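J.: Input: one structure, supplied below.
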Amino acid sequence: MLDPYKIREDFPILKRKVNDNPLIYFDNASTSQKPKQVINAIKEFYENHNANVHRAVHTLSQEATELYESAHEEVAKFINAEGMEETVFVRGTTEAINLVAYAWGLHNLKKGDEIIVSLMEHHSNIVPWEMISKITMAKVKYGKVNDDGTLDYESFENLISRKTKIVCLSHVSNVTGIVNDVKRVIKVAHENGALALVDGAQSAPHMPVNVKELDADFLAFSGHKMLGPTGIGVLYGKKDILESMEPFQGGGEMIREVSFNPKTKRCSISWNVLPWKFEAGTPNVCGGVGLMEAVRYLKRIGMENVKRHEEMLTKYALPRMKNCEKAKIFGTQDTSVKCGIIPFGIDGLSSHDVALFLDNYGIMVRSGFHCAQPLHEIFKLSSTARVSFYIYNTREEIDRFTEVLKEIGQF
Amino acid sequence: MVTTEDYVARTEGTCGKEQDVIVTFKFDKKDEAVKKILAKAALKKSIAGIVFELTFRKFSFRLYGSGKAIFRDLKDKDELNALLSELLS
């Protein structure tokens, strides 16, 4: 098991107070806090190595390039990808999914084709597909979710047919913390000749994710949810699929050659090799360096340990939360199918009231739709409050949180 | 003359079907704002002197000692501004 007390020493922000109370940060599904190792790596980069990458022969550029490429390699190993050719750096999960929707979808979808997504998805795994369906006339079909928030596998898999071109599913729901059996769904997608995209925003930071074992064609995740800086994320794609795709955006970095032909009066363009073909413009070099350090930090802890710690906290929190007057927990409470995300409400109070009340005691939780309105419609809820745990959270924090919840219940 | 802008750092519509508005008071003015509002609005109930359920005219809202307030059932931003203007004057 990991030692959260030792880990907390690495997170300067956890020492601060909010509203005269020690900070309790339970909004990790939204973004995680950053250890000093990541903060120092960013500082070190800007103080000693900052330069543009892949563009100059001078020493700083070489150092920056080496760091940026090492970051790709480190991330590739983290998810067991073949190498850096398969790890494209993007701004985050949203951009990764948009990249696939546009760079792959625009050239591979047409009228009569179908895109399968589930109703538990984050808006970022719904909206790009709806947008691309308007352009390509392909149809988006939605797989049902059961009343307890779990995926209705039978209904979902029944939607997959030879018409299906891509199946898009979150590995872990950002609202309920339910872990989907994506491996099973990917197999069905492949049996029908479709590709499979996994939204790993809530899985990659919290559990071991092995793209080869899952056989995912695409995996999207964000750096800022896994101790890294904001503005950096990853699109994993199988090399042959990425190679067959057209670029997402055009500009510097993503081209090998742009040559003007005086006869045709046009430029002929050839693309750069992977992954740079999909990284147009000056990339977020420092973000990549920060992400590399975050990945190293998580690897030192071990992703199995991360998963076990969050399981322990969830098992500890659920009965204590249920014990609070007027508190209601939404979605399944079966910890064998969920990780450290618990959506809840207090009778008679809006989720925002609950969040503001907790904020008064220095406890940070999320309130609202969590960018997953369709799932809230299934639950017939106008919004929910949500606690989500990470490596630095402790049982004592949960004790304090439930004490305050009991107080809220009296309101 | 004191204006709403003297006290309010930001207002933000909430995410969710409720369409509530959260008002955050400026850090250095929050205690004064809370005091003024408590003097004007009618108290329905409170917890530990840090959360206050209040009514003012036809509106009910909650005020938090941390310097935030949540307003509901407002027609638009003008209605919120008029309400805040009265409460903070």
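Values quoted throughout were computed directly from the atomic coordinates according to the rules given, and no laboratory measurement underlies them. All values derive from a computational prediction rather than experimental measurement. Here Cβ is always computed from backbone atoms with ideal geometry, including for glycine, and neighbour counts include all displayed protein chains.
J.: Among the residues of the stretch B:9-29, count how many are among the acidic types (Asp, Glu) and surrounded by fewer than 19 Cβ atoms within 10 Å (Cβ to Cβ).
T.: Total satisfying the criteria: 2.
J.: Another one. Condition first: within 26 Å of B:Tyr64 (Cα to Cα) and touching a His at 6+ places or on another chain (Cβ under 6 Å). Now tell me which residues in the stretch A:1-41 satisfy that.
T.: A:Thr31
J.: Is the stretch B:38-60 home to any residue that is out of contact with any Gly (no Cβ under 7 Å at 6 or more places or on another chain), away from chain A (no Cβ under 11 Å) and acidic (Asp, Glu)?
T.: no
J.: How many residues are closer than 13 Å to B:Leu87 by Cα and buried (at least 18 other Cβ atoms within 10 Å of the Cβ) if we restrict to the stretch B:40-56?
T.: Residues meeting the conditions: 2.
J.: Give me a count of the residues in the stretch A:299-330 that are of a type in the set (Phe, Trp, Tyr) and out of contact with any strand residue (DSSP E or B) (no Cβ under 9 Å at 6 or more places or on another chain).
T.: Residues in the stretch A:299-330 being of a type in the set (Phe, Trp, Tyr) and out of contact with any strand residue (DSSP E or B) (no Cβ under 9 Å at 6 or more places or on another chain): 1 in total.
J.: Output the strands (runs of 3 or more DSSP E) that fall wholly within the stretch A:65-148 and possess 2 or more residues being without any contact (Cβ under 8 Å) to a residue 60 or more places away in the chain, or say none.
T.: A:114-118, A:139-143
J.: Continuing with this model, one more query. Among the helices (runs of 4 or more DSSP H) contained in the stretch A:181-292, which hold 3 or more residues that are hydrophobic (A, V, I, L, M, F, W, C) and surrounded by 21 or more Cβ atoms within 10 Å (Cβ to Cβ)?
T.: Those helices (runs of 4 or more DSSP H) span A:182-191.
J.: Might you let me know whether the stretch A:294-302 holds any residue that is farther than 26 Å from A:Lys17 by Cβ, within 14 Å of chain B (Cβ to nearest Cβ) and either out of contact with any Gly (no Cβ under 6 Å at 6 or more places or on another chain) or in contact (Cβ under 8 Å) with a residue 24 or more places away in the chain (or both)?
T.: Within the stretch A:294-302, none of the residues are farther than 26 Å from A:Lys17 by Cβ, within 14 Å of chain B (Cβ to nearest Cβ) and either out of contact with any Gly (no Cβ under 6 Å at 6 or more places or on another chain) or in contact (Cβ under 8 Å) with a residue 24 or more places away in the chain (or both).
J.: Does B:Thr14 satisfy the condition of being within 11 Å of chain A (Cβ to nearest Cβ) and of a type outside the set (Phe, Trp, Tyr)?
T.: Yes.
J.: Of all residues in the stretch B:17-29, which are within 12 Å of another protein chain (Cβ to nearest Cβ) and farther than 21 Å from B:Glu79 by Cα?
T.: If the condition is that a residue be within 12 Å of another protein chain (Cβ to nearest Cβ) and farther than 21 Å from B:Glu79 by Cα, then B:Phe27 is the only one that fits.
J.: Take the conditions closer than 30 Å to A:Lys139 by Cβ, touching a Leu at 6+ places or on another chain (Cβ under 8 Å) and in a helix (DSSP H, G or I) and apply them to A:Ile13. Does it pass?
T.: Answer is no for this residue.
J.: Name, by its number, the condition in (1) acidic (Asp, Glu); (2) out of contact with any Gly (no Cβ under 7 Å at 6 or more places or on another chain); (3) surrounded by 21 or more Cβ atoms within 10 Å (Cβ to Cβ) that does not hold for A:Glu74.
T.: So A:Glu74 meets the others, but not (3).
J.: Would you point out the residue of the stretch A:370-400, among those that are facing chain B (nearest Cβ under 9 Å) and touching a strand residue (DSSP E or B) at 6+ places or on another chain (Cβ under 8 Å), that is surrounded by the fewest Cβ atoms within 10 Å (Cβ to Cβ)?
T.: A:Leu381
J.: Still on this structure, please answer the following. Go through the stretch B:57-80 and count every residue that is of a type outside the set (Ser, Thr, Tyr), surrounded by 15 or more Cβ atoms within 10 Å (Cβ to Cβ) and not in a loop (DSSP other than H, G, I, E, B).
T.: 9
J.: Would you please name the residue that is surrounded by the most Cβ atoms within 10 Å (Cβ to Cβ), looking only at residues in the stretch A:349-369 that are touching a residue at least 24 places away in the same chain (Cβ under 8 Å) and under 17 Å from A:Gln202 (Cβ atoms)?
T.: A:Arg366
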